[in-house]
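Report on the following structure.
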Amino acid sequence: GAGVSQSPRYKVAKRGQDVALRCDPISGHVSLFWYQQALGQGPEFLTYFQNEAQLDKSGLPSDRFFAERPEGSVSTLKIQRTQQEDSAVYLCASSPLGNTEAFFGQGTRLTVV
Amino acid sequence: AQSVSQHNHHVILSEAASLELGCNYSYGGTVNLFWYVQYPGQHLQLLLKYFSGDPLVKGIKGFEAEFIKSKFSFNLRKPSVQWSDTAEYFCAVTPSNFGNEKLTFGTGTRLTIIP
């Protein structure tokens with residue numbers, strides 16, 4: 001019974017570098033969410049998938065942020081031309097459809113230097 | 001849009017003390033309410049949730065929360081804390097309408113229990 005798995009756990013990127021963060025949700029979970037958690041803050045919503053469809057991307061802070069879930073399971077959050085303000089923990093969560101209990105991964109801590 | 005306020009940023013208690021963490025939300029419609037906990041080095045875990053019905057909900061590890069609609073509040077309580085309750089606690093809300101399940105979180109309360 002694996003939970004939500006995220007990789008890498010830690011990522012250091014030089015400013016301007018592109019990064020890709022991976023999320024493996026719980027098998028069978030239809031809904032997948034990405035959140036950004038800055039230091040000392042609560043998680044903030046980035047985007048939501050139902051299977052492969054991205055139904056809500058209202059939280060993505062800029063067009064440098066892009067997320068995909070092409071086969072309705074694994075998801076990737078890509079950040080292009082990283083900037084220092086992108087430094088945060090990126091959390092992935094999944095849930096069965098219609099069940100609002102989200103199961104979170106341990107997150108990827110991104111540090112942009 | 002909804003918002004969540006947690007007024008206590010850092011709470012320090014001795015073991016066996018009683019705990020109450022405040023949570024207030026702002027939203028024009030009906031909501032589902034949650035408390036999540038993050039133990040050091042671990043992922044966010046659900047403590048308890050309120051969807052409807054009895055406004056006093058019980059969760060894991062002896063925690064409970066009371067939904068007071070007139071006050072837009074969902075405070076977390078525990079009668080006697082343990083050292084193992086040291087963690088960060090997040091209150092969160094989603095609109096009740098199906099299909100919009102994204103969580104809006106408060107800024108969190110760090111709880112430190114002194115043995």
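The values are calculated or read from the model by the stated rules, or taken from the named source; none is laboratory data. Given the structure is predicted, the values throughout are model-derived calculations rather than measurements. A quick note on method: Cβ atoms are made from the backbone with ideal geometry, for glycine too, and the neighbour counts reach across all protein chains shown.
Every residue, every condition in (1) within 25 Å of A:ALA93 (Cβ to Cβ); (2) among the β-branched types (Val, Ile, Thr); (3) within 10 Å of the chain's Cα centre (by Cα), yes or no:
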{"position": "B:TYR25", "(1), (2), (3)": "yes, no, no"}
{"position": "B:LEU48", "(1), (2), (3)": "yes, no, yes"}
{"position": "B:ILE60", "(1), (2), (3)": "yes, yes, no"}
{"position": "B:PHE72", "(1), (2), (3)": "yes, no, no"}
{"position": "B:PRO79", "(1), (2), (3)": "no, no, no"}
{"position": "B:SER84", "(1), (2), (3)": "yes, no, no"}
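Looking across the stretch B:50-63, the residues that are assigned to a strand (DSSP E or B) and surrounded by fewer than 18 Cβ atoms within 10 Å (Cβ to Cβ) come down to B:LEU56, B:LYS58. Being part of a strand (DSSP E or B), within 14 Å of chain B (Cβ to nearest Cβ) and closer than 21 Å to B:GLN42 by Cα is a description that applies to A:TYR90. Scanning the stretch A:93-106 for residues that are part of a loop (DSSP other than H, G, I, E, B) and more than 7 Å from chain B (Cβ to nearest Cβ) turns up A:PRO96, A:LEU97, A:ASN99.
Applying the criterion of being closer than 19 Å to A:PHE66 by Cβ and either hydroxyl-bearing (Ser, Thr, Tyr) or within 14 Å of chain B (Cβ to nearest Cβ) (or both) to the residues of the stretch A:1-28, the residue that is surrounded by the fewest Cβ atoms within 10 Å (Cβ to Cβ) is A:SER7.
Residues are listed down the side, and each one gets a yes or a no for (1) over 25 Å from B:PHE34 (Cα atoms); (2) of a type in the set (Asp, Glu); (3) at pLDDT below 95; (4) more than 13 Å from the chain's Cα centre (by Cα):
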| residue | (1), (2), (3), (4) |
| --- | --- |
| A:LEU21 | yes, no, no, no |
| A:ASP24 | no, yes, no, no |
| A:PHE33 | no, no, no, no |
| A:LEU46 | no, no, no, no |
| A:PRO70 | yes, no, no, yes |
| A:ALA88 | no, no, no, no |
| A:LEU97 | no, no, yes, yes |
| A:ALA102 | no, no, yes, yes |
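Just the residues that are under 23 Å from B:PHE90 (Cα atoms) and not in a strand (DSSP E or B), please, taken from the stretch A:1-28. Within the stretch A:1-28, A:GLY3, A:VAL4, A:ARG9, A:PRO25, A:ILE26 meet the criteria. Scanning the stretch A:48-78 for residues that are assigned to a strand (DSSP E or B), buried (at least 16 other Cβ atoms within 10 Å of the Cβ), in contact (Cβ under 8 Å) with a residue 24 or more places away in the chain and more than 9 Å from chain B (Cβ to nearest Cβ) returns A:PHE49, A:ALA67, A:SER75, A:LEU77. Selection of the stretch B:1-17 for residues being surrounded by 14 or more Cβ atoms within 10 Å (Cβ to Cβ), within 13 Å of chain A (Cβ to nearest Cβ) and more than 10 Å from B:THR107 (Cα to Cα) yields only B:GLN2. Scanning the stretch A:29-45 for residues that are of a type outside the set (Phe, Trp, Tyr), in a strand (DSSP E or B) and either crowded, with 21+ Cβ neighbours inside 10 Å or free of Cβ contacts under 8 Å to residues at least 24 places away in the same chain (or both) yields A:SER31, A:LEU32, A:GLN36, A:GLU44.
Taking the criterion of being in contact with a strand residue (DSSP E or B) (Cβ under 7 Å, 6 or more places away or on another chain) and surrounded by 11 or more Cβ atoms within 10 Å (Cβ to Cβ), the residues of the stretch B:18-32 that qualify are B:LEU19, B:GLU20, B:LEU21, B:GLY22, B:CYS23, B:ASN24, B:TYR25, B:SER26, B:TYR27, B:VAL31, B:ASN32.
Taking the stretch B:33-42 only, how many residues are surrounded by fewer than 18 Cβ atoms within 10 Å (Cβ to Cβ) and on the phi < 0 side of the Ramachandran plot?
3
Being in a strand (DSSP E or B) and either touching a Pro at 6+ places or on another chain (Cβ under 9 Å) or at the interface with another protein chain (Cβ under 10 Å from one of its Cβ atoms) (or both) is the filter; apply it to the stretch B:75-94 and report the residue that is farthest from A:LEU46 (Cα to Cα). So the residue we want is B:ALA87. Taking the criterion of being of a type in the set (Phe, Trp, Tyr), surrounded by 18 or more Cβ atoms within 10 Å (Cβ to Cβ) and more than 27 Å from A:PHE49 (Cβ to Cβ), the residues of the stretch B:71-115 that qualify are B:PHE74, B:TYR89.
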